[in-house]
Amino acid sequence: MAYTDKRRYKQVNIFVKIIVKFGKILANDFPHYAVRRWGLKICGFNIGNKVYIGQDLIITSYISKKSCKLLIEDSVSMVLGLSCFYHLMRIS
């Protein structure tokens, strides 16, 4: 089952997919919140200043396309065990 249509979305190469996966692993499992924030920045998400990210953060997004953008603004606290389902769906 294909999750995306290659004609509508710009695909990324395998190295970018590996980097994004590594960033998500850091954001989920690393003990210090600054490294978890850095892991989300590696994924290409925009993270503001003074953002606290709790452990066990799960962000589901497509790794295979560049159209996924997530913005977390300043002074946000994301609690322990937060799940964020981030999918943009175009219905026509």
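What the table shows:
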{"item": "Subset of the stretch 72-92 [assigned to a strand (DSSP E or B) and at pLDDT below 80]", "result": "SER83, CYS84, PHE85"}
{"item": "Residue in the stretch 24-38 that is assigned to a loop (DSSP other than H, G, I, E, B) and either among the basic types (Lys, Arg) or surrounded by 13 or more Cβ atoms within 10 Å (Cβ to Cβ) (or both) present", "result": "yes"}
{"item": "Complete set of residues in the stretch 4-51 that are of a type in the set (Lys, Arg) and at pLDDT 85 or above", "result": "LYS21, LYS24, ARG36, ARG37, LYS41, LYS50"}
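The values are calculated or read from the model by the stated rules, or taken from the named source; none is laboratory data. On a predicted model such as this, the values are computed, not experimentally measured, just so you know. Glycine also receives a Cβ, built like all others from the backbone with ideal geometry; neighbour counts cover every protein chain displayed.
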